[in-house]
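One structure is given here, and the rest of the page talks about it.
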Amino acid sequence: MAASMKCAWARCLSTILLNSTKHRCQISQPLYASCSNITGDSGNDEIIFRKAEGEGGTDQTRQEAGPADDTKKHRRDPGKAFTDVRVQKILLRLTGLDLDKVYEYRAAKGAGVAKVALMSDQQLKKVYESASYKALRKLQMPPVLGAREPIDEVLSEDPELEGLNTSKLVFIDISQRVPLKKRTIVVREPNGTLRKASWEERDVTLQKYFPQSGRKIGLPRMFQQDNLECMLDDGKHEYILNRACSQFEIDDPEYIRVTQRTYEHIDGNGKFEDLRSTRHFGPMIFYFTYYKKIDKLLVAFLEEESLEDSLDLVKLYHIVHPSCKSAEKVASMPDATPLEIIRAFAEMDATQKSLVQQAIQTYEKECDSTGSTQLRR
Amino acid sequence: MALAIRFALFGCTNRPFFHIVVMEKRRAQRSGKIKEMIGSYDPMPNQDNQKLVAVDFQKLQQWLGFGAVPTKHVAELLGLGGFYPIHPMSYIKAKRKRTLMEKQVADMQAKEETQETAAIQVNEDTQPDSTEDASQ
């Protein structure tokens, strides 16, 4: 999409989000149970600074940043940082809104045939607006949360029941109108212990009695490590992420494993634009920012010559890691230009310093030749 | 009217499956006179060695309030699930099974021992006595 068109839609998007009360992006309650402060009700641009919680949570992460496959890291909760209003705004801006991509034809059940209609300019404008509002729903980001804590509750010990059954008895409550997460599922073991069902048992049993479309009982073979690698090498990142979203709960360790492996693969091959204007772009950016791996991403943005995206990324980094060195420096330079902010980040916090600095230099040369270093908005 | 919460056996030959239903206690289960189905119980363990029991506990409590009485086996199952206290028959059955198992294990051991001693006897009979050889 041409840069000017992209800017126009970005502006449209932010206007919609900030000012619209009628066409608010309705986020489904169960999915966003932890994202209680994303209501889009900020009618003004005031930044809500989450002091104690945000800083405390993210300070911890500073010492612990490391490879994504370390299971200990999954125990922290990125959810708090992800649900920050400022973070959400930046992620939404970075995702963009390419209507052609969002409404791309997908060969799936229920996919309709495109309609062709003859309209006036006014009618076309209305249709575009309503399509943009609807597209916001399609761009709802699956939250990035920490892995769920295992369920480990024993309700009763009855060793005198030993020998009664050689198999487990799984009890599920099928009362009406109970949210899936609140359904009681208990297991009576052969040794007589009555305990709450583990997360894996819960997922399987709920899928049997309350099947959700797009989910399989048990792990689909696609998500096994070897098969996943094959899919990734074929470049099917969006498909994998979409399927993971429908198969798993977002705090399932399996979901985290699959999504993080996909993001790492994208990082390795530099194919960030594949996810642009999809609902996975935001979570991907957030993942890299949270685990301090934004260098390649920053370089990609600079190579595209989009200064606003690069600046957004660095700003996001400063919000998620407010005690990092470049954040402190930038806080002390209130009139810094975008390039100065990015340069500060490159000097102080980039892990691949030379790569980023080289990208900045290349960008400056390009801009000098085109005659503009101003932030294009 | 003896309104009961009971099992109704469905499924087919060699494959039982119970619906937990509210109906009159003495009626035939497939007569079509079920008042309401409030759950299911699959007595055959699945791949994960689980027997699945589903109960609509809200409805169950409503019908209990209305005067329905669970049968012995339903009460046992609900006791195992934690809705009721554990039925005394569960303890008795478990004890009987344990005793049976222990008896079977003891019998097996006794059988093995007799087999071993019989084998040793056979060996001794076939081999010449070493002391007799030495003395000769």
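The values are calculated or read from the model by the stated rules, or taken from the named source; none is laboratory data. As the structure is a prediction and not an experimental result, all values here were calculated from the model. Backbone-built Cβ (ideal geometry, glycine too); neighbour counts: all protein chains shown. Keep in mind that these areas ignore ligands, DNA and RNA; they rest on the heavy atoms of the full protein, side chains included. Shrake-Rupley method; radii C 1.70, N 1.55, O 1.52, S 1.80 Å.
The table below lists the values:
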item: Yes/no for A:S326 being of a type in the set (S, T, N, Q) and in contact (Cβ under 8 Å) with a residue 24 or more places away in the chain; result: no
item: Odd one out for B:V53, checked against (1) out of contact with any strand residue (DSSP E or B) (no Cβ under 9 Å at 6 or more places or on another chain); (2) within 22 Å of A:T166 (Cα to Cα); result: (1)
item: Neighbours by Cβ (under 9 Å, 6+ apart or cross-chain): first from region A:175-195, over 25 Å from B:Y91 (Cβ atoms); second aliphatic (A, V, I, L, M) and at pLDDT below 95; result: A:K181/A:A33
item: Qualifying residue in region A:327-346 (condition: hydrophobic (A, V, I, L, M, F, W, C), under 27 Å from A:D98 (Cβ atoms) and not in a helix (DSSP H, G or I)); result: no
item: Hey, A:L311 touching a residue at least 12 places away in the same chain (Cβ under 8 Å), open to solvent by 10 Å² or more (accessible area, probe 1.4 Å) and not aromatic (F, W, Y) or not; result: yes
item: Unmet criterion (only one of (1) away from chain B (no Cβ under 11 Å); (2) surrounded by 15 or more Cβ atoms within 10 Å (Cβ to Cβ); (3) closer than 30 Å to B:P85 by Cα) for A:L164; result: (1)
item: Pair list, Cβ < 8 Å and 6+ apart or interchain, from region A:287-301 residues that are open to solvent by 10 Å² or more (accessible area, probe 1.4 Å) to residues that are of a type in the set (K, R); result: A:Y291/A:K73
item: Whichever residue in region A:204-216 is at the interface with chain B (Cβ under 10 Å from one of its Cβ atoms) and without any contact (Cβ under 8 Å) to a residue 24 or more places away in the chain and, among such residues, is surrounded by the most Cβ atoms within 10 Å (Cβ to Cβ); result: A:V204
item: Total residues in region A:89-111, condition open to solvent by 50 Å² or more (accessible area, probe 1.4 Å) and of a type outside the set (S, T, Y); result: 9
item: Residue count for region A:234-272, restricted to those that are in a helix (DSSP H, G or I), free of Cβ contacts under 8 Å to residues at least 24 places away in the same chain and surrounded by fewer than 16 Cβ atoms within 10 Å (Cβ to Cβ); result: 3
item: Candidate set: region A:217-226, residues that are modelled with pLDDT of 95 or more and open to solvent by less than 60 Å² (accessible area, probe 1.4 Å); chosen: the one farthest from A:F288 (Cα to Cα); result: A:P220
item: Residue ID - nearest to the other protein chains (Cβ to nearest Cβ), chosen from residues in region A:172-185 that are open to solvent by less than 10 Å² (accessible area, probe 1.4 Å) and in a strand (DSSP E or B); result: A:I172
item: Test: B:D56 is closer than 21 Å to B:P16 by Cα, surrounded by fewer than 16 Cβ atoms within 10 Å (Cβ to Cβ) and facing chain A (nearest Cβ under 10 Å); result: no
item: Flag if B:I86 is out of contact with any strand residue (DSSP E or B) (no Cβ under 7 Å at 6 or more places or on another chain), open to solvent by less than 50 Å² (accessible area, probe 1.4 Å), at negative phi and of a type in the set (A, V, I, L, M, F, W, C); result: yes
item: Failed item in (1) away from every other protein chain (no Cβ under 12 Å); (2) under 15 Å from A:L169 (Cβ atoms), with B:M23 passing the rest; result: (2)
item: Candidate set from region A:129-156 (those that are basic (K, R) and open to solvent by 50 Å² or more (accessible area, probe 1.4 Å)); member that is farthest from A:G192 (Cα to Cα); result: A:K134
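The rows are residues; the columns are (1) within 19 Å of A:T205 (Cβ to Cβ); (2) within 9 Å of chain A (Cβ to nearest Cβ); (3) open to solvent by 70 Å² or more (accessible area, probe 1.4 Å).
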{"site": "B:Q29", "(1), (2), (3)": "no, no, no"}
{"site": "B:I38", "(1), (2), (3)": "yes, yes, no"}
{"site": "B:T71", "(1), (2), (3)": "no, no, no"}
{"site": "B:L77", "(1), (2), (3)": "yes, yes, no"}
{"site": "B:G82", "(1), (2), (3)": "yes, yes, no"}
{"site": "B:K93", "(1), (2), (3)": "no, yes, no"}
{"site": "B:E102", "(1), (2), (3)": "no, no, yes"}
{"site": "B:A106", "(1), (2), (3)": "no, no, no"}
{"site": "B:E112", "(1), (2), (3)": "no, no, yes"}
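Rundown of residues vs (1) within 20 Å of A:L91 (Cα to Cα); (2) of a type outside the set (D, E, K, R); (3) in contact with an Asp or Glu (Cβ under 9 Å, 6 or more places away or on another chain), yes/no style:
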residue: A:I319; (1), (2), (3): yes, yes, yes
residue: A:S323; (1), (2), (3): no, yes, yes
residue: A:E340; (1), (2), (3): no, no, no
residue: A:F345; (1), (2), (3): yes, yes, no
residue: A:A359; (1), (2), (3): no, yes, yes
